Amino acid sequence: QDAPPQMFMDLLEELQTDRATLQKRAKHTLKEILHNYAFFDVSTIDKFTHRLIRTFAKDLKLPQNFEVVLDTELLLSEAVAKLLNKAGTDKELTKVLIDFALEKADEDKSWDLSIDLNKIGKLLFDETHSTHLKKLVDKDMLSFLELKKKLKHRVGLQEWKLVDNASQALKVLDANGLEVGDFRAGYFPKFMTKISQADFNIDFDAGWKQNFESEPLYTKTCPLPTKNILDSLLPRFTILFNEIKDDFPSLLFLKNTYKNIVPLTVLNAIQQEVRSLELERDQLPISSFNTLISNEIKDQPAPFIYERLGEKYRHYFIDEFQDTSEMQWNNLIPLV
């Protein structure tokens, strides 16, 4: 007996079935195709969604003769070129582009700004980010610049709080005649001194930081009077330490957000140029198909969808869902 084809073996593995079952299913499938050949169609998911969008173009407020853009890189490069052409004439945009270029220079990235703009612009055609980017569509350049100003102010306030708490701790030390040597390995005063100098390259991983409230700040050889002073001050130190520990994540979050404002501003500017080109040419990137369907068609009942698509898909839906009344689009996706 001849060895079965490799595809047969791959299907066995993929479907986790045996030879007899696979042969039986193949025979049944072939019979269905032959008896319903007029309805047999092999299509990519992109082609199917394209037909859906064509059918629902009016509902989606799209031009009936919209053009599908397959080469999104070309569309992106045109949008980036239009954006760069505005540099020097648009004051706000020019400043943002300069800030973006300086950030890339600090990171030792390419000096060619267009390369970085095209790289970041690819996010616009990634379905993973479409939901979030959609929220930025109506934001203009001034909105981002205003947000950047507010974030910078909040970062400054958060840093001031950390510095102030650390400075208070050091003042308590001085007022009670305490020195670095009075503390176990000098950890606590050194930590507070670092923060009071606005050095925020810190963490809270060390054991003494994890157990600050439960372990003494001094060594066993520390004089008894000093031990008593440190024990009495521990509640005050604990309050200041915990405030710093609680506020530090907020500072990191604000700094990280502030750092990403410029790239996000640039990305939104590119998005505006892409949308402008799409509207001007009645174009629609193929990467937008699934998002459009998900947002606009998913809540329509299956009978309405196949009625709009025509007899061919009507037959398909009836065969698949004859016992289901209001099958929703999100249930159909795995089957097409």
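The values are calculated or read from the model by the stated rules, or taken from the named source; none is laboratory data. Since this is a predicted model, take the numbers as computed values, not measurements. Here the Cβ is made from the backbone with ideal geometry for all residues, glycine too, and neighbour counts use every protein chain on show. SASA here: full protein model, heavy atoms, side chains in, ligands and nucleic acids out. Shrake-Rupley method; radii C 1.70, N 1.55, O 1.52, S 1.80 Å.
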- Task: Give me a count of the residues in the range 189-208 that are open to solvent by less than 70 Å² (accessible area, probe 1.4 Å) and farther than 22 Å from residue 160 by Cβ.
- Result: 3
- Which numbered condition residue 88 fails, given (1) at pLDDT 85 or above; (2) within 21 Å of residue 112 (Cβ to Cβ); (3) open to solvent by 60 Å² or more (accessible area, probe 1.4 Å): (1)
- Query: Which of the residues belonging to the range 78-88 are part of a loop (DSSP other than H, G, I, E, B) and within 16 Å of residue 272 (Cβ to Cβ)?
  - Reply: 86, 87
- Query: Among all residue pairs at least 6 apart or on different chains, which show Cβ distances below 6 Å where the first residue, located in the range 160-182, is touching a residue at least 40 places away in the same chain (Cβ under 8 Å) and the second is of a type in the set (Lys, Arg) and outside any helix (DSSP H, G or I)?
  - Reply: none
- Message: Quick test for you: out of 317, 321, pick the one residue that is open to solvent by less than 30 Å² (accessible area, probe 1.4 Å), under 20 Å from residue 44 (Cα atoms), over 28 Å from the mean Cα position of the chain (by Cα) and at pLDDT below 70.
- Response: 317
- Message: Can you confirm whether residue 43 is open to solvent by less than 80 Å² (accessible area, probe 1.4 Å) and without any contact (Cβ under 8 Å) to a residue 24 or more places away in the chain?
- Response: yes
- Item | helices (runs of 4 or more DSSP H) contained in the range 1-77 and holding at least 3 residues in contact with a Gly (Cβ under 6 Å, 6 or more places away or on another chain) | none
- Scan the range 133-154 and give yes if some residue there is under 30 Å from residue 68 (Cβ atoms), touching a Phe, Trp or Tyr at 6+ places or on another chain (Cβ under 9 Å) and in contact (Cβ under 8 Å) with a residue 24 or more places away in the chain, otherwise no. yes
- Only one of these is farther than 30 Å from residue 279 by Cα, more than 43 Å from the chain's Cα centre (by Cα) and among the polar types (S, T, N, Q): 6, 16, 23. Name it. 23
- Query: From the residues in the range 214-238 that are within 51 Å of the chain's Cα centre (by Cα), part of a helix (DSSP H, G or I) and among the hydroxyl-bearing types (Ser, Thr, Tyr), which one is surrounded by the most Cβ atoms within 10 Å (Cβ to Cβ)?
  - Reply: 238
- Message: Step by step: first the residues of the range 155-188, then only those that are on the phi > 0 side of the Ramachandran plot and in a helix (DSSP H, G or I), then the one that is most open to solvent (accessible area, probe 1.4 Å). Which residue is that?
- Response: 185
- Query: Does residue 130 fit the bill of being within 19 Å of residue 76 (Cα to Cα), crowded, with 17+ Cβ neighbours inside 10 Å and touching a residue at least 12 places away in the same chain (Cβ under 8 Å)?
  - Reply: yes
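Would a scan of the range 48-60 turn up a residue that is of a type in the set (Gly, Ala, Ser) and under 31 Å from the mean Cα position of the chain (by Cα)?
Filtering the range 48-60 down to residues of a type in the set (Gly, Ala, Ser) leaves 57.
When the remaining residues are screened for being under 31 Å from the mean Cα position of the chain (by Cα), the result is 57.
Yes: one or more hits.
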- Task: Select, from 72, 49, the only residue that is at pLDDT below 75 and open to solvent by less than 80 Å² (accessible area, probe 1.4 Å).
- Result: 49
- All but one of (1) surrounded by fewer than 14 Cβ atoms within 10 Å (Cβ to Cβ); (2) at pLDDT below 80; (3) under 22 Å from the mean Cα position of the chain (by Cα) hold for residue 108; which doesn't? (3)
- Counted residues in the range 133-153 being surrounded by 17 or more Cβ atoms within 10 Å (Cβ to Cβ) and more than 20 Å from the chain's Cα centre (by Cα) come to 1
- Residue by residue through the range 127-138, note down the ones that are touching a Leu at 6+ places or on another chain (Cβ under 9 Å) and either at pLDDT 85 or above or outside any helix (DSSP H, G or I) (or both). 136
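Here is a list: 123, 145, 133, 113. Which entry is touching a His at 6+ places or on another chain (Cβ under 8 Å) and over 30 Å from residue 243 (Cβ atoms)?
123 is the lone residue from the list that is touching a His at 6+ places or on another chain (Cβ under 8 Å) and over 30 Å from residue 243 (Cβ atoms).
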